[in-house]
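Structure record follows, encoded as structure tokens.
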Amino acid sequence: MKVIATLAELQSSLKPLKTSGLKIALVPTMGALHQGHLSLIAEAQKLAEVVVCSIFVNPTQFTDPKDLEKYPRPLEHDIKMLNEAGCNFVFMPSVKEMYPGYPKPESWKIDLGEAEFVLEGEFRKGHYQGVTQIVYKLFDAVKPDVAMFGQKDFQQVLMIKNMVEALGLDVQIAVCPIIREADGLAMSSRNIHLSQADREHALALSKALFYIEANYKRLDLSQLLENAKAMINQMPGVELDYLTIANGDTLRPITEKTHQNTVALVAAKVGQTRLIDNVIIK
Ligand code: AMP
């Protein structure tokens, strides 16, 4: 596996591979890798001959400077994991490499549709402009045939797909299922910030989602939400931002049950750590 820090080296390394017709998959991450990330690498290996994983804690998508500062960066460990997983390239640029004028903002504003402003977009203003800005730069540098994203960040997938459509980009977006701990907690780089007590309380999020999934046919929507919210609110130290049963295309709450693209999404602060999770209702 080759570790690369500059755009120039990335492009010159990939060029001969592209010329010889090999398919390239990109797995964008912010590092602090876990089995969820590795599942994206494994899926990428099925879809392409060359797998590039990027590790970049993108400052433009953080709304809270403290959150950016404390984001975990175990780089040596990440490199070891990617090496063992058989990844071909890891791209870990500096902030200046990706944003030469940083901290002066670069202009970037694209129309991601109404769904940009709800849920995460409401609690983290400008978040998806930052996400799409860096993903566009990575697409532009790697020119992947396919790019891998996790359903864990459901709204992010929608925003990326909207960007690809809006800008007419020639890249396939592959979405991978959520990898969970044995007890149901969705894996996340932020989980290492959870104290032992937080870790137990955080289980209320996935339990509430599983409750909605299991009782979707039996109970009406308001009852489902009321009971699931109560499961979360009764946990000490857990502060709910939102819990919703939404249309997966618009992210608007559904008002009637349907079997088409319905998703339950949750975000909450557990102790000092903000977590998100979701379940697609089948
Ligand atoms: P991150 O490093 O948190 O930005 O995540 C990088 C990619 O991994 C994103 O596409 C995430 O949706 C995906 N991802 C994060 N956690 C999980 C998980 N538990 N299961 C599957 N994919 C995940």
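The numbers here are math on the coordinates, done by the rules we state, and not lab data. Everything numeric here is computed off the predicted structure, so don't read it as measured data. Cβ atoms come from the backbone with ideal geometry, glycine included; neighbour counts cover every protein chain shown.
Residues whose amide H comes within less than 5 Å of that of Y242, counting only those at least five positions distant or on another chain, are A267 (H built at 1.01 Å from N in the peptide plane). Rounded to the nearest 20 debye, the dipole size of the chain about its Cα centre is 280 debye, using +1 on the Cβ of Lys and Arg and -1 on the Cβ of Asp and Glu. A dipole drawn for the chain from +1 and -1 charges on Cβ atoms has a positive end, and of L158, G21, A32 the residue lying farthest that way is G21. Scaling against 2.2 N^0.38 Å puts the C-alpha radius of gyration of region 189-277 at 1.10. In this Cβ point-charge picture (+1 for Lys and Arg, -1 for Asp and Glu), region 1-118 has a dipole of about 380 debye about its Cα centre.
With R₀ set to 35 Å, the beta-carbon distance separating D140 from K217 gives a calculated FRET efficiency near 0.20. Remark: the K229-R180 segment gains 15.5 nm on full extension, using 0.36 nm per residue and subtracting the alpha carbon distance. Legend: ranking of residues R252, R124, R218 from fewest to most surrounding C-beta atoms inside 10 Å; resulting order R218, R252, R124. Here's the picture: charge each Lys and Arg Cβ at +1 and each Asp and Glu Cβ at -1 in region 178-282, and of Y242, I212, M231 the one pushed furthest to the positive end of that dipole is I212. To the nearest 10 degrees, how steeply does helix 35-47 sit against the main Cα axis of the chain, on a 0 to 90 scale? The two axes meet at around 60 degrees. Amide H to amide H, with H built 1.01 Å from N, V3 comes under 5 Å of V90, counting only residues 5 or more places away or on other chains. Listed values for region 161-177 are Karplus-derived 3J(HN,Hα) couplings in whole Hz (6.51 cos²θ - 1.76 cosθ + 1.60, θ = phi - 60°), namely 4, 5, 5, 4, 5, 4, 9, x, 7, 9, 8, 7, 9, 9, 10, 10, x, and x replaces Gly and Pro.
For region 237-281 versus region 116-174, the spacing of their alpha-carbon centroids is 19 Å.
Think of the chain as having a plus end and a minus end, set by charges on the Cβ of Lys, Arg, Asp and Glu; of F89, T273, T63, F89 sits farthest toward the positive end of this dipole. Counting every other Cβ atom within 10 Å of each residue's Cβ, E256, E165 order from fewest to most as E256, E165. From least to most packed, judged by other beta carbons within 10 angstrom and beginning with the fewest, K15, K161 follow the order K15, K161. Across all C-alpha atoms in region 2-176, the radius of gyration and Dmax reach 15.5, 45 Å. Each Lys or Arg adds one and each Asp or Glu subtracts one; over the other residues with Cβ under 12 Å from the Cβ of Y99, this totals +1. Note on region 189-277: with charges restricted to the Cβ of Lys and Arg (+1) and Asp and Glu (-1), its dipole about the Cα centre is near 80 debye. Compute the angle between helix 203-215 and the longest alpha-carbon principal axis of the chain, please, reported from 0 to 90 degrees and rounded to the nearest 10. Relative to the chain, helix 203-215 is tipped by roughly 70 degrees. Compactness ratio for region 101-251: Cα radius of gyration over 2.2 N^0.38 Å (N = residue count) comes to 1.20.
When the helices of the chain are scored as -39500 (n - 2.57) per DSSP H run of n ≥ 4 and the total is divided over every residue, the value at 222 nm lands at -11500 deg cm²/dmol. For region 94-106, putting each phi into the Karplus relation 6.51 cos²θ - 1.76 cosθ + 1.60 with θ = phi - 60° gives couplings of 7, 5, 5, 5, 8, 10, x, x, 3, x, 5, x, 8 Hz, in residue order, rounded to whole numbers and with x for Gly and Pro.
Computed from backbone phi with θ = phi - 60° and the Karplus coefficients 6.51, -1.76 and 1.60, the 3J(HN,Hα) list for region 51-59 is 10, 10, 10, 9, 10, 7, 7, 7, x Hz; x is used for glycine and proline.
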